[in-house]
Amino acid sequence: MPVLSSYRSQHYQILLSIVAGILIILAAAWWFLGLVFDESRDIPRYSPAYWLLVPDIIRRLPLDYCREPLYHYSTGDGPKPLMVTRHCRTSDPSTAIAHYRELFLKSGYTVPDRGTDYFHREYTHLHQDDHVLKLLARAPDQFEIIYME
């Protein structure tokens, strides 16, 4: 009888491992679907969502002129583009925008439009293929780098 008991416990352990594996896969899939289909979310730096949702062009930017970076992911149905925003605090938003504009120009982006918007905020649009970057000053001590796809 000990052989039969050992055989049953091995099957029980295998069955338990399979059930646990399925539950882990379902939980991961549920988390991932929530992450992908969420229309708007703040993303903590270096979180799993940061690595999955923030594009390389934003993640690899140096933090020059950027204190306390905050990331925001936004997408929606219809014609609204996917947008990832990096909010930064800085002592001089205009200098920061000029610095990042030069970095993007060196990596092949072009500047089709720059000026001030309705709220008198300085902005720059940069294009490369289907990607658009917007650099936006938010007085007195903030600016944003917005990636749109």
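Here is how the numbers come out for the structure above:
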item: Restricting the range 1-27 to residues that are among the small types (Gly, Ala, Ser) and modelled with pLDDT of 85 or more, the residue that is farthest from Lys80 (Cα to Cα); result: Ser17
item: Top-ranked residue in the range 46-61 [being more than 8 Å from the chain's Cα centre (by Cα) and loosely packed, with under 12 Cβ neighbours inside 10 Å; ranked as farthest from Gly34 (Cα to Cα)]; result: Arg60
item: Residue in the range 86-93 that is under 27 Å from Ala28 (Cβ atoms), buried (at least 16 other Cβ atoms within 10 Å of the Cβ) and polar (S, T, N, Q) present; result: no
item: Within the range 30-103, strands (runs of 3 or more DSSP E) holding 3 or more residues that are at pLDDT 90 or above and either in contact with a Pro (Cβ under 9 Å, 6 or more places away or on another chain) or not assigned by TED's automatic domain parsing to the domain that holds Arg121 (or both); result: 83-89
item: Residue within the range 123-131 that is surrounded by 13 or more Cβ atoms within 10 Å (Cβ to Cβ), part of a loop (DSSP other than H, G, I, E, B), in the same structural domain as Lys80 (by TED's automatic domain parsing) and within 23 Å of the chain's Cα centre (by Cα) present; result: no
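The values are calculated or read from the model by the stated rules, or taken from the named source; none is laboratory data. Small disclaimer: the values here were computed from a predicted structure and weren't measured. In this analysis, Cβ positions are derived from the backbone assuming ideal geometry, glycine residues included, and neighbour counts consider all displayed protein chains.
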